[in-house]
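The next block holds one structure in the form of structure tokens; read it before the comments.
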Amino acid sequence: MGKLVIVIVGATCSGKSLLAFELAKALNSEIVSADSRQIYKLINIGTAKPTSSELNEVPHSFINLLELNENFDVSSYEKKALVKIDNIIQNKKIPVVVGGSGLYIRALIDGIVDLETNDEIRSELLSKKELFGNEKLFQELESAVPAAAKTMLPQNWKRVIRALEVFYLTGRSITEFHAEQVREKSSYNFLQFGLNWKREILYERIESRVDEMIKNGLVEEVKNILAMGYSETLNSLNSVGYKEIIAHLKNQISLDEAITLIKRNTRRYAKRQLTWFRKDERIRWFTIENELDLVTIKNEILNKIKSIA
């Protein structure tokens, strides 16, 4: 059966963090965050981090771990998260993973090719992209590694470049390395659950959350971060909520325009998240109409755990 790990996914504002929190409490366990922004310090309001009381009540990993100017990639997350998960399991507890960063979740469950990059090859491929575009680069991948090309789209040019780089470095398909990592991870039993709202209700929740973030001081939070000397170009600040408020503080747009853009961009982000997660047939989706449904969902998941434990 493998080492049991519960994974909760869904779009932003779907209630996945609350569900994970209640599950972890019921299991007397810990939460492993899979959120690529909550891992940074200082950006609190715009990332909807757990409250101090929640962090005190249930141990969380990968929250407030990094400074805003520190680099962190998905490969590092995979390694560190698996170590944490193993530690929790060794303490005879069931880890609860939660987050909306699809690449983090995929790396954790299926692995990610961990090979050194080659600057010369990468520079050449980037030059081809600039000169000939994504489609030409994708055609090169289709010709060189058809199996890898079937797993991605031309617009995902970073993945296309990585697949070509791996091929030119090793002579093998990136999918072969992924398959090997899946075999290595067969000792884990990842149970994935997703929360699915009607789109109009989810969008209403998003708009309400954005209004609440502004009310709770998002503008002041961003202003204070910039006053500390952090560059507005940092990757950690290149996320919905922060980039729009930065544009407002630079007098490029009004506050009302910034709020409208945050709502629009958050809706678009939620749509991309759902598109990503719905490709994974291993996820069991729960239809949810209000937060009261989370109690029923929590109990269903707990019953599922009991049935296989």
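The values are calculated or read from the model by the stated rules, or taken from the named source; none is laboratory data. Note that this is a predicted model, so its numbers are computed, not measured. As a convention, Cβ positions derive from the backbone with ideal geometry for all residues, glycine included, and neighbour counts pool all protein chains shown.
Listed here are the residues, each with its yes/no results for (1) in contact (Cβ under 8 Å) with a residue 40 or more places away in the chain; (2) closer than 27 Å to LYS25 by Cα.
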position: THR233; (1), (2): no, no
position: ILE246; (1), (2): no, no
position: ILE253; (1), (2): no, no
position: LEU274; (1), (2): yes, yes
position: THR287; (1), (2): yes, yes
position: ILE297; (1), (2): yes, yes
position: LYS306; (1), (2): no, yes
Every residue from the stretch 8-30 that is touching a Pro at 6+ places or on another chain (Cβ under 9 Å) and either of a type in the set (Val, Ile, Thr) or without any contact (Cβ under 8 Å) to a residue 12 or more places away in the chain (or both): none
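Residue check: is VAL222 assigned by TED's automatic domain parsing to the domain that holds LEU294 and hydrophobic (A, V, I, L, M, F, W, C)? Walk me through how you get there before you give the answer.
Working: assigned by TED's automatic domain parsing to the domain that holds LEU294: yes; hydrophobic (A, V, I, L, M, F, W, C): yes.
Yes, satisfied.
Residues in the stretch 38-76 that are of a type outside the set (D, E, K, R), farther than 26 Å from ILE109 by Cα and out of contact with any strand residue (DSSP E or B) (no Cβ under 6 Å at 6 or more places or on another chain): how many?
To start, the set of residues in the stretch 38-76 that are of a type outside the set (D, E, K, R) comprises 38-40, 42-48, 50-53, 55-56, 58-66, 68-69, 71-72, 74-76.
Imposing the further condition that a residue be farther than 26 Å from ILE109 by Cα reduces the set to 42-46, 51-53, 56, 68-69.
Still in the running and out of contact with any strand residue (DSSP E or B) (no Cβ under 6 Å at 6 or more places or on another chain): 42-46, 51-53, 56, 69.
Total meeting the criteria: 10.
Answer with yes or no whether GLU57 is among the charged types (D, E, K, R), modelled with pLDDT of 90 or more and assigned by TED's automatic domain parsing to the domain that holds THR275. Outline the logic, then answer.
Details: among the charged types (D, E, K, R): yes; modelled with pLDDT of 90 or more: yes; assigned by TED's automatic domain parsing to the domain that holds THR275: yes.
For GLU57, the condition - among the charged types (D, E, K, R), modelled with pLDDT of 90 or more and assigned by TED's automatic domain parsing to the domain that holds THR275 - is met.
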Options GLU180, GLU220, GLU200, GLU212; residue that is assigned to a helix (DSSP H, G or I) and either within 29 Å of SER75 (Cβ to Cβ) or in contact with a helix residue (DSSP H, G or I) (Cβ under 8 Å, 6 or more places away or on another chain) (or both): GLU180
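Can you find a residue that is within 15 Å of the chain's Cα centre (by Cα) and either closer than 30 Å to ASN189 by Cα or free of Cβ contacts under 8 Å to residues at least 40 places away in the same chain (or both) anywhere in the stretch 115-136? Step through it out loud before you land on a result.
From the stretch 115-136, those within 15 Å of the chain's Cα centre (by Cα) are none; that's our starting set.
No, the stretch 115-136 contains no residue that is within 15 Å of the chain's Cα centre (by Cα) and either closer than 30 Å to ASN189 by Cα or free of Cβ contacts under 8 Å to residues at least 40 places away in the same chain (or both).
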Any hit, the stretch 235-252, residues being surrounded by fewer than 16 Cβ atoms within 10 Å (Cβ to Cβ) and hydroxyl-bearing (Ser, Thr, Tyr): no
Among the residues listed as THR296, THR275, the single one being modelled with pLDDT under 95, out of contact with any helix residue (DSSP H, G or I) (no Cβ under 8 Å at 6 or more places or on another chain), of a type in the set (S, T, N, Q) and part of a helix (DSSP H, G or I): THR275
Residue list for the stretch 183-197, filter: part of a helix (DSSP H, G or I) and either crowded, with 16+ Cβ neighbours inside 10 Å or modelled with pLDDT under 80 (or both): ARG183, GLU184, LYS185, SER186
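Look through the stretch 156-177, keep the residues that are among the basic types (Lys, Arg) and either assigned to a helix (DSSP H, G or I) or assigned by TED's automatic domain parsing to the domain that holds THR275 (or both), and return whichever of them is nearest to ARG106 (Cα to Cα). Steps first, answer last, please.
Going through the stretch 156-177, the residues among the basic types (Lys, Arg) turn out to be 158-159, 162, 172.
Checking the rest, the ones that are also either assigned to a helix (DSSP H, G or I) or assigned by TED's automatic domain parsing to the domain that holds THR275 (or both) come to 158-159, 162.
Working: LYS158: 16, ARG159: 14, ARG162: 16 Å.
Here the residue is ARG159.
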Helices (runs of 4 or more DSSP H) fully within the stretch 41-155 counting 3 or more residues that are among the acidic types (Asp, Glu) and within 26 Å of ILE174 (Cα to Cα): 119-132, 134-144
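Restricting to the stretch 231-259, name every residue that is assigned to a loop (DSSP other than H, G, I, E, B), hydrophobic (A, V, I, L, M, F, W, C) and closer than 21 Å to ASP35 by Cα.
So in the stretch 231-259, the residues assigned to a loop (DSSP other than H, G, I, E, B) come out as 231-234, 238-241, 250-254.
Now restrict to residues that are hydrophobic (A, V, I, L, M, F, W, C): 234, 240, 253.
Those that are assigned to a loop (DSSP other than H, G, I, E, B), hydrophobic (A, V, I, L, M, F, W, C) and closer than 21 Å to ASP35 by Cα: LEU234, VAL240.
For the stretch 31-40, which residues satisfy the criterion of being of a type outside the set (S, T, N, Q) and outside any loop (DSSP other than H, G, I, E, B)? Spell out the reasoning first.
Filtering the stretch 31-40 for residues of a type outside the set (S, T, N, Q) gives 31-32, 34-35, 37, 39-40.
Hits for the stretch 31-40 are ILE31, VAL32, TYR40.
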Total residues in the stretch 15-48, condition closer than 16 Å to LEU294 by Cβ, buried (at least 19 other Cβ atoms within 10 Å of the Cβ) and out of contact with any helix residue (DSSP H, G or I) (no Cβ under 7 Å at 6 or more places or on another chain): 4
Qualifying residue in the stretch 158-174 (condition: in contact (Cβ under 8 Å) with a residue 24 or more places away in the chain, acidic (Asp, Glu) and buried (at least 17 other Cβ atoms within 10 Å of the Cβ)): yes
